[in-house]
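Engineer: There's a structure below that I have some questions on.
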Amino acid sequence: KVSHAQSPSEALSSLQRDRAVVFLSEDETESWTKEDFARVATMAKAFVVTRGERGVTEVSGNETLRVPAPKVKARDTNGAGDVFATAYMMEIAKGPAAAGDASSKGE
């Protein structure tokens with residue numbers, strides 16, 4: 001098993017407020033306290049934690065969004081978090097109008 005930091009690293013703790021989107025897995029944050037989560041969430045533009053088959057949690061400002069994962073038969077989960085982060089950032093790059101369009105259609 002890979003060992004992960006017991007708390008946020010110095011690099012995470014020195015983020016430029018409102019400029020960084022942080023992606024971590026549930027495994028990477030399993031030993032963090034609520035205070036650790038809150039500290040990173042307040043420093044980042046968005047703090048996204050992937051939770052495998054349980055979906056994803058995004059904290060942005062004072063809002064927390066939990067999105068369940070669709071039920072699928074996974075063949076190989078290697079790289080799934082990287083693919084998710086890339087798709088997330090591509091949607092952000094489209095701007096707020098595109099995100100609003102998708103959510104208003106229930107997609």
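Engineer: Does segment 80-90 include one or more residues that are assigned to a strand (DSSP E or B), within 14 Å of the chain's Cα centre (by Cα), surrounded by 13 or more Cβ atoms within 10 Å (Cβ to Cβ) and at pLDDT 80 or above?
Structural biologist: No; the residues of segment 80-90 include none that is assigned to a strand (DSSP E or B), within 14 Å of the chain's Cα centre (by Cα), surrounded by 13 or more Cβ atoms within 10 Å (Cβ to Cβ) and at pLDDT 80 or above.
Engineer: Within segment 10-21, identify whether any single residue is at pLDDT 85 or above, open to solvent by less than 60 Å² (accessible area, probe 1.4 Å) and either touching a Lys or Arg at 6+ places or on another chain (Cβ under 6 Å) or on the phi < 0 side of the Ramachandran plot (or both), and answer yes or no.
Structural biologist: Yes, the conditions are met somewhere in segment 10-21.
Engineer: Can you list residue pairs whose Cβ atoms sit under 7 Å apart, with the first residue in segment 46-65 being within 17 Å of TRP32 (Cα to Cα) and open to solvent by 50 Å² or more (accessible area, probe 1.4 Å) and the second being of a type outside the set (Ser, Thr, Tyr) and not in a strand (DSSP E or B)? Count only pairs 6 or more apart in sequence or on different chains.
Structural biologist: Listed pairs, sorted by first residue: ARG51/GLU26.
The values are calculated or read from the model by the stated rules, or taken from the named source; none is laboratory data. Everything numeric in this text was worked out from a predicted model, so none of it was measured. FYI the Cβ positions are ideal-geometry reconstructions off the backbone, even for glycines, and counts take in every protein chain you see. With ligands, DNA and RNA removed, areas are computed over all heavy atoms of the protein, side chains included. Shrake-Rupley method; radii C 1.70, N 1.55, O 1.52, S 1.80 Å.
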